[in-house]
Amino acid sequence: TDNVQSPSHQYTVDGTNTATLKLTSAFGCDTTLSLDIDVYPIPTALFTPDPNNSTTAALPRFRFTNESTVPNILGATIQDYLWDFGVPTAVDDTSTEVNPTFFYPADTGQYTVTLNIVTNHLCTDQFTYPVIIGPDILVFIPNAFSPDGGGPQDNDGFKAVVNDGVQTYHMIIFNRWGERLFETTKRDEKWDGTYKGLPCQQDVYAYYLEVVSWSGEPYSYSGTVTLIR
């Protein structure tokens, strides 16, 4: 309530509100006027990318599921969707679809996706979310090595060669009886052909490798490597 001639008021409840004005003259005569004030609801913009929220340059595609909502008050509905997929060098990286699909350039990087929505009463909201294009997973595993310096220097130790497309790395080496000889989670760490400080004999050894991509996808590899002395 207020008793000034021209007040202002901010409504905080969606729906129809009733404003009432009562006028009283100097002689005590009065009259009352009522007016309905419609307060339209603000929408909530939201979406989920698939994959969530990273993929590799091999398939730089995202499908976006629109999860925007608006309360069902005074017939409010979302009527306009404007997507910006965040590619600074592109002029066609926008969409007005409800659930669009977009192919990014086959380059690694992070992009900010923006969704603006507008209701039939011209109320708006915006939501942004980053998506990541990571490098492809490339794994090379040699099948022999010579830790005594009998070959090239790179062949003095055994490790898998993995590119930057992985976020975790786990390598285990076993002998023919299943005994665990070596284990590491460091991509650059090599097995030098020893166990408990003693050289292992020339033989064939088993390995197991598991890596996890930046999109959270696990990949496993197993095989054998020959230790040559």
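The values are calculated or read from the model by the stated rules, or taken from the named source; none is laboratory data. Everything numeric here is computed off the predicted structure, so don't read it as measured data. Note: ideal-geometry Cβ built from the backbone for every residue, glycine included; neighbour counts use all protein chains shown. Heavy atoms of the whole protein, side chains included, go into the accessibility calculation; ligands, DNA and RNA do not. Shrake-Rupley method; radii C 1.70, N 1.55, O 1.52, S 1.80 Å.
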With a 10 Å radius around each residue's Cβ, average the other Cβ atoms per peptide and rank 22-28, 157-163, 102-108, highest first. 157-163, 102-108, 22-28
To the nearest 20 debye, segment 125-201 has a Cα-centred charge dipole, built from +1 on Lys and Arg Cβ and -1 on Asp and Glu Cβ, of 320 debye
Find out how many positive minus negative residues lie around Leu227, taking Lys and Arg as positive, Asp and Glu as negative, among other residues whose Cβ is under 12 Å from that of Leu227. -2
Reduced to Cα centres, the span from segment 1-62 to segment 147-220 in Å works out to 63 Å
Given Cβ point charges of +1 (Lys, Arg) and -1 (Asp, Glu) and nothing else, what value in debye, to the nearest 20, does the dipole of the chain about its Cα centre take? 760 debye
What distance in nm separates the simple spin-label points at Leu46 and Val161, each placed 7 Å from Cα in the Cβ direction? 4.7 nm
The aspartates and glutamates whose Cα lies under 15 Å from the Cα of Lys159, excluding any fewer than 8 residues away in the same chain, are Glu183, Asp188, Glu189, Asp192, Glu210
Projected area averaged over all directions for the convex hull of the alpha carbon atoms of segment 102-229, nm², comes out at 11.1 nm²
So what is the relative contact order for segment 1-153, in percent, with contacts set as C-alpha pairs under 8 Å and at least six apart? 22 percent
Around Asp136 (Cβ within 15 Å, Cβ-to-Cβ, excluding Asp136; K/R +1, D/E -1) the net charge comes to -2
Considering only Asn72, Leu21, Gly197, whose Cα is most displaced toward the positive end of the charge dipole of the chain, charges sitting on Cβ of Lys, Arg (+1) and Asp, Glu (-1)? Gly197
Ranking Thr114, Val91, His170 by how far each Cα lies towards the positive end of the charge dipole of the chain (+1 on Lys and Arg Cβ, -1 on Asp and Glu Cβ), the top one is His170
To the nearest 10 square angstrom, what accessible area does Glu183 show with a 1.4 Å probe? 80 Å²
What's the local net charge at Thr16, with K and R +1, D and E -1, over the other residues with C-beta under 11 Å away? -3
